[in-house]
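Shown next, in structure tokens, is the structure this report addresses.
Quick note: the coordinates plus some simple rules give every number you see, no bench work behind them. On a predicted model such as this, the values are computed, not experimentally measured, just so you know. Cβ coordinates were reconstructed from backbone atoms using ideal geometry, including for glycine residues, and neighbour counts include every protein chain displayed.
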Number of protein chains: 2
Amino acid sequence: MYELIFANFALHIKLDVAEIEQIKYRLQSKTIKKKTGLLSAGAICRNIYFVNKGCLRIFNVDGEGEEHNVSFCPENWWAVDISSFSHQTPAFYNIDALEDTEVSYLSYPVLEELYIAIPKLERFFRILTQNGFHLYQQRITSNLSKSAEERYTLFQKQYPKLEQRITQKQIASYLGITPVFLSMIRGRNT
Amino acid sequence: MYELIFANFALHIKLDVAEIEQIKYRLQSKTIKKKTGLLSAGAICRNIYFVNKGCLRIFNVDGEGEEHNVSFCPENWWAVDISSFSHQTPAFYNIDALEDTEVSYLSYPVLEELYIAIPKLERFFRILTQNGFHLYQQRITSNLSKSAEERYTLFQKQYPKLEQRITQKQIASYLGITPVFLSMIRGRNT
């Protein structure tokens with residue numbers, strides 16, 4: 001069950017056997033049932049999650065109670081409210097499971113200790129944070145400047161095959177359009 | 001002229017004398033005249049800037065040609081389009097100078113070399129990126145959920161005394177309101 005996460009670390013840093021053991025020893029795991037919450041807005045995001053299996057979504061709820069999906073986190077994705085986690089302040093986002101999901105995770109104090117023990121992790125999470133920032137900014141700017149069709153194409157690229165796993169409603173909420181408009185776009189493309 | 005930047009590094013990491021010399025040797029400096037640009041949207045953000053004196057602003061221009069200030073960078077602030085810099089892709093933001101400004105800066109390849117030579121810098125820029133993400137997210141959520149008055153108070157806290165240095169127009173653009181509405185808010189508060 002650790003294969004995916006260590007393959008993910010290996011994208012940016014080289015860990016030796018002892019370091020891998022040290023991280024394994026500190027990693028925790030859990031299974032989240034479909035439609036169950038992992039983080040609620042207003043609570044502090046105490047852990048950073050890596051998805052081994054299943055799919056999470058990160059979303060916010062507006063003043064009218066409407067949900068807006070910010071990102072999906074299928075296998076190999078990290079899920080966290082970075083701002084809440086890194087400052088241990090109340091989260092703006094919610095995280096819940098769209099499928100039964102298995103995650104590995106590190107708590108904030110454990111990760112802080114690991115940074116001291118294995119300074120290479122600074123590099124990994126520096127790059128991960130930069131990538132997160134990049135994705136987040138792309139989301140914001142594409143919502144401002146791209147058409148719904150273009151955003152749908154980007155979604156398909158970003159999340160290959162995810163479309164078959166999650167509902168139309170969830171995808172529409174990610175694209176910022178209604179499910180009816182989404183099925184019109186899909187109809188045009190087939 | 002290096003005092004501010006090394007005091008800034010010292011907030012998160014301890015550099016020894018040799019490391020400080022190594023960084024000094026690689027740091028470049030320049031002066032940007034008031035109203036002059038440092039980065040244009042669409043270009044690649046090749047450097048990360050630290051402000052020694054003066055004030056920069058980071059802003060985007062919408063489809064109607066309207067400018068929106070995302071952040072101000074007076075003394076002790078770092079200025080960069082993180083997304084563009086870290087991926088060396090076209091910038092979404094513009095950066096220009098609101099006053100004659102002195103910056104120290106590191107180019108992308110120089111910083112990549114410094115990460116190898118002085119791995120502690122990974123920690124510094126990991127924390128800086130997290131802080132940047134946090135500020136950026138706060139900006140987005142406060143625009144969604146806070147009143148103009150509250151945003152004005154946050155601005156005053158975030159940038160003590162900056163109000164006396166920059167125009168009403170620049171502050172209004174940061175708050176997402178008209179200069180007329182800003183002077184009404186200011187009138188109420190005095």
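Couple of notes before you dig in:
- Counts of other chain beta carbons within 10 angstrom of each beta carbon in peptide A:90-98 average 1.
- Scalar couplings 3J(HN,Hα) for segment B:63-68, obtained by applying the Karplus form with A = 6.51, B = -1.76, C = 1.60 to θ = phi - 60°, are x, 8, x, 7, 8, 10 Hz; x denotes Gly and Pro.
- Hz values of 3J(HN,Hα) by residue in segment B:152-166 - Karplus curve (6.51, -1.76, 1.60), Gly and Pro given as x: 5, 5, 4, 4, 5, 6, 5, 10, x, 6, 5, 3, 6, 9, 10
- Estimated FRET transfer efficiency when R0 is 22 angstrom, pair residue A:61-residue A:146 (beta carbons, to 0.05): 0.35
- Within the shell of other residues whose beta carbon sits under 13 angstrom from the beta carbon of residue A:142, the net charge comes to +2, with Lys and Arg scored +1 and Asp and Glu -1.
- Label point distance in nm, residue B:31-residue B:6, each placed 7 Å from Cα along Cα→Cβ: 2.3
- Between helix A:179-189 and chain A there is an angle of about 80 degrees, using the helix long axis and the longest principal axis of the Cα atoms.
- Principal-axis tilt of helix B:108-117 within chain B, Cα atoms, nearest 10 degrees: 50
- Euclidean distance of C-alpha centroids, segment A:106-122 and segment B:91-111, integer Å: 31
- Folded to 0 to 90 degrees: helix A:17-26 orientation relative to chain A principal axis, Cα: 70
- In this structure, the pairs whose alpha-carbon distance is over 26 Å, taken from B:33/B:146; A:53/A:157; B:53/B:161; B:30/B:157; A:14/A:34, are B:33/B:146; B:30/B:157; A:14/A:34.
- What the phi angles of segment A:44-58 give under the Karplus curve with 6.51, -1.76 and 1.60, with θ = phi - 60°, is a coupling list of 8, 7, 8, 10, 10, 9, 10, 8, 8, 7, x, 7, 9, 10, 10 Hz, glycine and proline written as x.
- For chain B, built as a Gaussian network whose Cα springs stay under 10 Å, the top-fluctuating residue of B:37, B:54, B:65: B:65
- Here the calculated FRET efficiency for residue B:17 and residue A:24, from their Cβ-Cβ distance with R0 = 45 Å, stands at 0.75, rounded to the nearest 0.05.
- Each part reduced to its alpha carbon centroid, segment A:38-73 and segment A:135-190 end up 18 Å apart.
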